[in-house]
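Below is one structure, written out as structure tokens; the observations come after it.
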Ligand code: CTP
């Protein structure tokens, strides 16, 4: 059993998220997703998510290629999360390339290409322009 872990906010769920999660699951047999808390998202991106943590967890947890979800409360706790979930592979989008190489001592680290031309930030910006 090869256990995969990945992290993200997954706000305003879109096809880039689907493709990333599907490909992450194909790296192994069991996919665990850490969903950023609202506070963590604010500290990372300087704004609150559009969807609440509960809604984002419910969406991610409903996907057939996701086996387990948990709340990521702190960026600094990644090592602890990887160890606690007994993950064999950490998957991240290639916007993070190199940033998680420090965990290569406890798991494989794989960066997958992002889907071009779609992001939560861009979708939120469209809404602003037409206001
Ligand atoms: N992702 C992707 N392709 C996209 C957008 C996101 O593969 N077009 C991946 C990211 O690389 C990450 C995961 O989806 O592994 C969650 O990304 P997240 O930051 O929650 O979504 P974004 O749309 O990138 O959000 P934002 O625009 O707010 O940064």
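Quick notes on this structure:
- Matching residues, region 39-48, being under 23 Å from residue 4 (Cβ atoms) and surrounded by 14 or more Cβ atoms within 10 Å (Cβ to Cβ): 40, 41
- Beta carbons closer than 7 Å, at least 6 apart along the sequence or on distinct chains, never pair a first residue in region 97-120 that is on the phi > 0 side of the Ramachandran plot with a second that is within 14 Å of the ligand (Cβ to nearest atom).
- Residues of region 1-19 classified as within 10 Å of the ligand (Cβ to nearest atom) and under 12 Å from the mean Cα position of the chain (by Cα), total: 11
- Residues that are surrounded by fewer than 18 Cβ atoms within 10 Å (Cβ to Cβ) and either touching a strand residue (DSSP E or B) at 6+ places or on another chain (Cβ under 8 Å) or under 17 Å from residue 19 (Cα atoms) (or both), drawn from region 64-77: 64, 65, 67, 68, 70, 71
- Residue among 111, 51 that is surrounded by 17 or more Cβ atoms within 10 Å (Cβ to Cβ), at pLDDT 95 or above and in contact with a strand residue (DSSP E or B) (Cβ under 7 Å, 6 or more places away or on another chain): 111
- Region 20-33 - residue that is within 13 Å of the chain's Cα centre (by Cα) and surrounded by 16 or more Cβ atoms within 10 Å (Cβ to Cβ) and, of those, nearest to the ligand (Cβ to nearest atom): 20
The values are calculated or read from the model by the stated rules, or taken from the named source; none is laboratory data. Note that the structure is predicted; figures quoted are calculated from it, not measured. Cβ sites come from the backbone with ideal geometry, for glycine too, and all protein chains shown count toward neighbours.
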